[in-house]
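Chemist: Here it is: the structure, laid out below.
Nothing in this text is a laboratory measurement; each read-out follows from the coordinates by a stated rule. Given the structure is predicted, the values throughout are model-derived calculations rather than measurements. Don't worry about glycine lacking a Cβ; one is built from the backbone with ideal geometry, like all the others, and counts go over all protein chains shown.
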């Protein structure tokens, strides 16, 4: 990162951040990233279980409620990353691809990465790196918060309505996988509110 003059460096060295990234924030971000991955695995297990039990309509609906939001949020996030990219450097397509894959599987992984870099810079006493990591952490948190809005309407709500309809129609024939998936899906309803509350 380049700075215009030594005065800017001095100002950054003496600057204090209005907010800090606490250990609680880091832990909640890690839990959120893990829960995102667990939700994808559980949805895939549900789709497989529907296919195995010859409930092909439920299987197709479950797969569509995974794929459509995945495609749309990936396109939105790709656009956010390209627009937010510094115009001086060309976009590295390989890096962009892996950021998109990681952002779908572990929605908060990049935010967690910058939070950990911020903590390391703070431990070293490197004020310039601390401010830069904090700035990037906030930028990534805003991007992910924006995507969570789309997740809520495109993925979470349709999945819950679909699974609730299936449960109400087949209350006696629920297998262990169905019960675990539904417990995960409905038991963690306020998950996004919990994550938003810790920001």
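Chemist: Distance from a point 7 Å along Cα→Cβ of residue 116 to each backbone N in the range 135-150: keep the residues under 18 Å and list them by number.
Modeler: Taking a point 7 Å out along Cα→Cβ of residue 116, the residues of the range 135-150 whose backbone N falls under 18 Å are 135-138, 140-141.
Chemist: Another question, then. Between residue 126 and residue 60, what is the label-point separation in nm under the 7 Å Cα-to-beta-carbon projection?
Modeler: Going from the residue 60 label point to the residue 126 one covers 5.5 nm.
Chemist: Follow-up. Stick to Cα atoms and the Kirkwood definition of Rh, then tell me Rg/Rh for the range 29-70.
Modeler: 1.08
Chemist: Also, I was wondering about something else. In nm, to one decimal, how far is the residue 76 label point from the residue 167 one, both placed 7 Å along Cα→Cβ?
Modeler: 2.5 nm
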